[in-house]
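> Input: one structure, supplied below.
Computed from the coordinates by the stated procedures, all read-outs in this text should not be read as laboratory data. Given the structure is predicted, the values throughout are model-derived calculations rather than measurements. Heads up, the Cβs are rebuilt from the backbone with ideal geometry, glycines too, and the neighbour counts pull from every protein chain shown.
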Amino acid sequence: MNNDSILFIGLDTHKSFIQVAVLKEHRGAQPQHRGRIKSNKSALVKLPQQLQSTYPKASSHFVYEAGPCGYWTYRLLTSLGHAI
């Protein structure tokens, strides 16, 4: 990936867990399921750090599910400086 690459991170939020998928910006890219994380602050703070180590030159953009289980993720990720 070059410095201008974008990595889209999809978050499917639930009360007790968040499903995570990643999609690279290039043509023909297929989404990759990255598994589940707990639906808590510490797990969500670790996620961007883990993705940064896997994709060091990519710009991360998070996509989340707006709703009662998703809005806190928006507030937390934007407070950490991530693009939503």
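> By how many nm would the segment from K57 to A21 lengthen if fully extended, with 0.36 nm per residue of separation less the alpha-carbon distance? Show your work: numbers first, answer last.
On the way: separation 36, 0.36 × 36 = 12.96 nm, distance 1.82 nm.
Extra length from K57 to A21 when fully extended: 11.1 nm.
> Taking 1 over the mean of 1/r across every pair of different Cα atoms in the chain, what Kirkwood radius in Å do you get? Please report the intermediate quantities before stating the final value.
Details: mean 1/r = 0.0770 Å⁻¹.
So the Kirkwood estimate lands at 13.0 Å.
> Another question, if that's okay. Under 19 Å from a point placed 7 Å out from the Cα of H82 along the Cα-to-Cβ direction: which residues of segment 25-43 have their backbone N that close?
25, 31-43
> Put a dot 7 Å past each Cα toward the Cβ at W72 and N40; how far apart are the dots in nm?
1.1
> Oh, and also: Can you list which of the trypsin sites (Lys or Arg not before Pro) found in segment 1-52 are DSSP loop residues with at most 10 other C-beta atoms within 10 Å?
Details: sites: K15, K24, R27, R34, R36, K38, K41, K46; in loops: K15, R27.
Sparse-neighbourhood loop trypsin sites (Lys or Arg not before Pro): K15, R27.
> Straight-line reach from K57: which lysines fall under 28 Å, measuring Cα to Cα and dropping same-chain residues less than 8 apart?
Within reach: K24, K38, K41, K46.
> Charges at C-beta only: +1 for Lys and Arg, -1 for Asp and Glu. How large is the resulting dipole of the chain about its Cα centre, in Debye rounded to 20? Before the final figure, lay out each step's value.
Numbers: 10 positive and 4 negative charges, 56 e Å.
Magnitude of the dipole: close to 260 debye.
> Output needed for segment 32-77: three equivalent-ellipsoid semi-axes, defined as square roots of 5 times the C-alpha gyration tensor eigenvalues, in descending order, whole Å. Present the calculation step by step, with values, prior to reporting the outcome.
On the way: eigenvalues 74, 28, 22 Å².
They are 19, 12, 11 Å, listed from largest to smallest.
> Can you tell me the 0 to 90 degree angle between the C-alpha axis of helix 41-54 and the longest principal axis of the chain, rounded to 10?
The helix 41-54 is inclined about 10 degrees to the chain.
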